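Chemist: Structure incoming, see below.
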Amino acid sequence: MKKNYLIINANYYKEISSGLLKSAKDLLPKKSKIKIINVPGVFEIPVTISKNIKKFDAFIALGCVIKGETPHFDFISNATTQAIINISIVSKKPVGNGIITCLNMKQAKARKRKGAEAAQAVLSVLSQK
């Protein structure tokens, strides 16, 4: 059965998000309906999923958070992850978490293909009986 996917792409770090997006799209079935919504940062991902929860079968959250000199990294990473988990459990729909958290840009560049892992997780949950 053809599934509808929404990819929410936080493009604050465009070079990283474009790699995450490409790797996720490349893994999804070719005949699927895929919509992409770009948001400014990862904190906007959960509300975007919530606004679209009835329109799609599955969601893939993509973005990057790089640690700075303040605790902002921890707050954003934890809040976003918890919100994504809650949305998935309450809606009973898979949300692949392809939000990478890194200490620096070098780590982020090395992990920009992690979108495929989030897409694979979604496909795995959708295939459960």
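Chemist: For the range 53-84, give me each residue that is more than 21 Å from K3 (Cα to Cα) and hydrophobic (A, V, I, L, M, F, W, C).
Modeler: Hits for the range 53-84 are C64, V65, I66, F73, F75, I76, A79, A83.
Chemist: With the requirement that a residue be touching a Phe, Trp or Tyr at 6+ places or on another chain (Cβ under 6 Å) and either hydrophobic (A, V, I, L, M, F, W, C) or buried (at least 17 other Cβ atoms within 10 Å of the Cβ) (or both), what does the range 29-54 give you?
Modeler: Within the range 29-54, I34, I49 meet the criteria.
Chemist: Something else now. Failed condition for K30, given (1) assigned to a helix (DSSP H, G or I); (2) of a type in the set (K, R); (3) out of contact with any helix residue (DSSP H, G or I) (no Cβ under 8 Å at 6 or more places or on another chain), with all others met?
Modeler: Failing condition for K30: (1).
Chemist: If you don't mind, there's one more thing I want to ask. How many residues are in contact with a strand residue (DSSP E or B) (Cβ under 8 Å, 6 or more places away or on another chain), within 15 Å of G19 (Cα to Cα) and assigned to a helix (DSSP H, G or I) when one looks only at the range 77-106?
Modeler: Result for the range 77-106: 1.
Chemist: Please give the number of the condition Q128 fails out of (1) surrounded by fewer than 17 Cβ atoms within 10 Å (Cβ to Cβ); (2) within 13 Å of L6 (Cα to Cα).
Modeler: (2)
Chemist: Related question: Output the residue which, of all residues in the range 55-94 that are without any contact (Cβ under 8 Å) to a residue 12 or more places away in the chain and among the charged types (D, E, K, R), is surrounded by the most Cβ atoms within 10 Å (Cβ to Cβ).
Modeler: D74
Chemist: Could I ask something else about it? State which residue is modelled with the lowest pLDDT when the search covers only the range 10-50 and only residues that are under 29 Å from K129 (Cα atoms) and among the polar types (S, T, N, Q).
Modeler: Of everything passing the filter in the range 10-50, S32 is modelled with the lowest pLDDT.
The values are calculated or read from the model by the stated rules, or taken from the named source; none is laboratory data. Owing to the predicted nature of the structure, the values given are computational and were not obtained by experimental measurement. As a convention, Cβ positions derive from the backbone with ideal geometry for all residues, glycine included, and neighbour counts pool all protein chains shown.
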